[in-house]
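*Asks:* Quick one: this structure, given as structure tokens, is what I'll be asking you about.
Any read-out appearing in this document is the output of simple, stated calculations on the displayed coordinates, not a laboratory observation. Because the structure is predicted, anything quoted here is derived from the model rather than measured. Glycine also receives a Cβ, built like all others from the backbone with ideal geometry; neighbour counts cover every protein chain displayed.
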Amino acid sequence: MTAQIIDGRLVARKLRAEYAERVKALTAHGRAPGLAVILVGDSAASQVYVRNKVKACADIGIESRFIGLGAETTQATLLQTVDDLNADRAVDGILIQLPLPAHIDIRAVLERISVEKDVDGFHLYNVGGLVTGSTVFSPCTPYGVQKLLEHENIEVAGKNVVVVGASNIVGKPTALMLMSQDATVCICHKKTRDLAQFTLLADILVVAAGVPGLIVPQMVKTGAVVIDVGINRLPDGRIIGDVDFEGVRQKASYITPVPGGVGPMTVTMLLHNTLVSAERTLAAAGG
């Protein structure tokens, strides 16, 4: 068996083409959706991520506003910036590029974003809403995983799903989203003993541990669907996931590559959430 590769770039292009048409329709009603991106500090990696998000917005007609603040910016100043954007009717989504400088309370800043503009899905309301099914916006990476499974018509209901990685950004939200689709979900983490005894039970294995090559073929059930969320840069500059791609590919039915799998979907779902926010605003205004 050789797994079918789930091409995240292809799926992202299809979705973005659809979103671009919806953006055109919104713009015809008065204005394009607007996303504000705040970057605090001068991290080279964060700058790259922000540029990619700004470009993705431009590609489908979303207006982006970049706000760059120095690393010495106080928490009070950052909170005031968020307040101003919350009140700005031209802004449908607010994104705080993480990480933030150590002197800033990340949770306090994320909680300051209006729930209706929290397009990253990190506000406590949105995270908690995953439990009850009442979230306003789902976090982008888990949402991207869900969309990849939907695109490939991979049934989730009734399946055993194992999520390796229990972060608040990927692991836990992914587990909750798949559980809401009637999957039986197990979450593993860095203290899980004998990880293979759990991963071997998985019909769908989602790996987001940040450990290169963590999952090897003997840890995967034949025919499993393997979604690799890990992004690891090796000393030689190569980027790989948490899964031994070439080895596991010989046992899985579907597998995502790194790069080119889940990564492109994260930004795509950010665009989706910003678009949906704008559509809700227009609907509320009677447009």
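*Asks:* What nm distance separates the two modelled labels at Thr222 and Arg51, each placed 7 Å from Cα along Cα→Cβ?
*Replies:* 4.7
*Asks:* If you stretched the chain out fully between Arg65 and Ala25, how much longer would it get, using 0.36 nm times the residue separation minus the C-alpha to C-alpha distance?
*Replies:* So the chain would gain 12.3 nm between Arg65 and Ala25.
*Asks:* Moving on. Rank by packing, highest mean first: peptides 16-29, 160-173, with packing defined as the count of other Cβ atoms within 10 Å averaged across residues.
*Replies:* Going by the mean number of other Cβ atoms within 10 Å, highest first, we get 160-173, 16-29.
*Asks:* Work out, step by step, the length gained on full extension between Glu18 and Asn153: first 0.36 nm times the residue separation, then minus their alpha carbon distance; give nm to one decimal.
*Replies:* 46.7 nm
*Asks:* In the chain, if the dipole is taken from +1 on Lys/Arg beta carbons and -1 on Asp/Glu beta carbons about the Cα centre, which of Ser180, Thr81, Val207 is farthest to the positive end?
*Replies:* So the residue we want is Val207.
*Asks:* Turning to a different aspect of this structure: Springs between alpha-carbon pairs under 10 angstrom, Gaussian network model over the chain: which of Lys159, Lys53, Lys190 fluctuates most?
*Replies:* Comparing Lys159, Lys53, Lys190 in a Gaussian network model of the chain, the most mobile one is Lys190.
*Asks:* Under 17 Å Cα-Cα from Lys159, which aspartates and glutamates qualify once same-chain neighbours fewer than 8 residues away are excluded?
*Replies:* Glu150, Asp182, Asp203
*Asks:* Given Lys147/Lys221; Lys14/Lys251; Lys172/Lys221; Lys14/Lys55; Lys53/Lys147, which pairs have Cα atoms separated by over 21 Å?
*Replies:* With Cα atoms farther than 21 Å apart: Lys147/Lys221; Lys14/Lys251; Lys172/Lys221.
*Asks:* Okay, moving on. So what are the radius of gyration and Dmax for the Cα set of segment 32-117, in Å?
*Replies:* In order Rg, Dmax, the Cα atoms of segment 32-117 give 12.4, 36 Å.
*Asks:* Hey, what's the Kirkwood Rh for segment 1-148 if you take every pair of different alpha carbons, in angstrom?
*Replies:* Answer for segment 1-148: a Kirkwood hydrodynamic radius of 16.7 Å.
*Asks:* Say we join alpha carbon atoms closer than 10 Å with springs in a Gaussian network model of the chain; which of Arg233, Arg65, Arg31 then has the biggest fluctuation?
*Replies:* In this elastic network of the chain, the residue with the biggest mean-square fluctuation among Arg233, Arg65, Arg31 is Arg233.
*Asks:* Could I ask something else about it? So in the chain, what percent of DSSP beta bridges are antiparallel if you round to the nearest 5?
*Replies:* Within the chain, antiparallel bridges account for around 5 percent of the total.
*Asks:* Length gain on complete extension for the stretch Ala44 to Gln4, per 0.36 nm per residue less the alpha carbon to alpha carbon distance?
*Replies:* 10.9 nm
*Asks:* Nearest 20 debye, what's the magnitude of the dipole of the chain about its Cα centre given +1 on Lys and Arg Cβ and -1 on Asp and Glu Cβ?
*Replies:* Magnitude of the dipole: close to 300 debye.
*Asks:* While we're here: Quick one: what do you get for segment 162-287 if you divide its Cα Rg by 2.2 N^0.38 Å?
*Replies:* For segment 162-287, the normalised Cα radius of gyration comes out at 1.21.
*Asks:* How big is segment 218-287 by Rg and Dmax over its Cα atoms, in Å?
*Replies:* In Å, with Rg to one decimal and Dmax whole: 18.1, 57.
*Asks:* Would you please report the Å³ per residue occupied by the convex hull of the alpha carbon atoms in the chain?
*Replies:* Convex hull of Cα atoms, per residue: 133 Å³.
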